[in-house]
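First the structure, in the form of structure tokens, and then the observations on it.
The values are calculated or read from the model by the stated rules, or taken from the named source; none is laboratory data. These figures come from a predicted structure and were not determined experimentally. So basically every Cβ, Gly included, is an ideal-geometry build from the backbone, and we count neighbours across all protein chains shown. Side chains included, ligands, DNA and RNA excluded: accessible areas come from the protein's heavy atoms. Shrake-Rupley method; radii C 1.70, N 1.55, O 1.52, S 1.80 Å.
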Amino acid sequence: MKICGITAEYNPFHKGHAYQIGQSRQAGATHIFVVMSGNFVQRGVPAQLDKWTRTRAALYGGADLVVELPLPFATASAETFAYGALSLMQAAGCVDMISFGAEDLLGHLQDALKVLFSPAFEPALQSRLAQGCSYAAARTRAVADLAGEELAAVLTRPNNILGLEYLKAARRLAFSPQWTAVLRRGAGHDEPGLQNGRMSASHLRLLLERGDWAEAGKGLPEICLPLYQQAFVSGKGPVRIEWMERSVLSVLRARSLEQLERLPDMSEGLENRLYAGIRQAVSIPQLYQLVQSKRYPQSRIRRTVLHSFLGVTAEMQRETPPYLRVLGIGAKGEDILKRMKNTAQVPVSQSLYRLQNQGGSAERFARLEASATDQYVLGMPKPLPCGLDFTASLIKG
């Protein structure tokens, strides 16, 4: 029995994701353990469809067990996102290998990692930051200064960036799984169209939102298309932050400067810029425009706005996930759960209510998750009442 961990959003689950699971099995995995983002994702927006629909798609696509990445990590920067996911895999105590998508070979990522941890890197990074670069640009330029443009290019590719963060997180946690980097094939991140039989998640979301089922079906596993169609027909999607706009702006207008200072990734006076933007903006896109800058890209601002709306703090992201919440069980999921009974270092349950009753961090995280879902369902075409996170059933594949 070899359990392979995969971190994902599955927003939506597409043929590239199915390919990754297949390649992971070819690399020796007998069981697939997925850590999946909940109802809000790393881009700082709600997922197009709810976490239970996406869990079912993952089980259809070959996952054996799906656990939820808690909100403070699911909506974080790549570094914290990866740290949260790897912490959960380590806490399960039974994950033997980790698979992730990449544009380059694992060896190239490991070479880049050596530079990032070299004594010369931090001075080079600070020098580039002093020139006014964003952190991502400064890091790439610092690696170029130390090791050349070819290796620096590794840090510019989306899947590589997250893959490097997984490797960094494992080093930070003293976690030593077997690694498998699955080379990305087909359309690149955020690219339109069909390439080599694959579509990007962003293009698929656009097609699904338009109701172009025939075209979307080219990029989805055949078994998933009816699932998504049913979710849209029943009013579960697409979920849009624009439909929560007045709720978001209302909550943000009530935030004090001191509350904004406690948000994740606050630095260099960003809280003042955000506070001023909140007082002027009458729409979410306008707020993004008012706050973003060369140093603060819109992706960071989207996450910051979402964190303020949902009540995520920097302190939460400094913790480790306090529980393993099971969203779905597939064909061999019970095998993993049986092993986790003896190996898990945190509470394991399908019930958020039971996890909340653990008290302490588990209670805080569970209450935050439930509250976020109560906001999420307001972004559905047919809004739902509160409490879904406490009443939704375990998904079985």
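What to note about this one:
A quick yes/no check of all residues on (1) in contact (Cβ under 8 Å) with a residue 12 or more places away in the chain; (2) open to solvent by less than 80 Å² (accessible area, probe 1.4 Å); (3) over 19 Å from Asn39 (Cβ atoms):
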residue: Gln178; (1), (2), (3): yes, yes, yes
residue: Lys218; (1), (2), (3): yes, no, yes
residue: Phe232; (1), (2), (3): yes, yes, no
residue: Val248; (1), (2), (3): yes, yes, no
residue: Leu257; (1), (2), (3): yes, yes, yes
residue: Arg262; (1), (2), (3): yes, no, yes
residue: Met266; (1), (2), (3): yes, yes, yes
residue: Arg273; (1), (2), (3): yes, no, yes
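- Close pairs from segment 40-67: first without any contact (Cβ under 8 Å) to a residue 40 or more places away in the chain, partner open to solvent by less than 10 Å² (accessible area, probe 1.4 Å) and in a helix (DSSP H, G or I), Cβ under 9 Å, at least 6 apart: Val41/Ala74
- Check on Arg141, open to solvent by 30 Å² or more (accessible area, probe 1.4 Å) and either among the hydrophobic types (A, V, I, L, M, F, W, C) or over 19 Å from the mean Cα position of the chain (by Cα) (or both): yes
- One residue from Asp96, Asp64 being closer than 20 Å to Leu337 by Cβ, open to solvent by less than 20 Å² (accessible area, probe 1.4 Å) and of a type in the set (D, E, K, R): Asp64
- Filter result for Ile32 (buried (at least 24 other Cβ atoms within 10 Å of the Cβ), over 14 Å from the mean Cα position of the chain (by Cα) and among the β-branched types (Val, Ile, Thr)): yes
- Residue in segment 198-216 that is nearest to Ser283 (Cα to Cα), counting only those that are open to solvent by 30 Å² or more (accessible area, probe 1.4 Å) and part of a loop (DSSP other than H, G, I, E, B): Gly211
- Residue count, segment 278-307 (criterion: free of Cβ contacts under 8 Å to residues at least 24 places away in the same chain, open to solvent by less than 30 Å² (accessible area, probe 1.4 Å) and farther than 23 Å from Ala372 by Cα): 1
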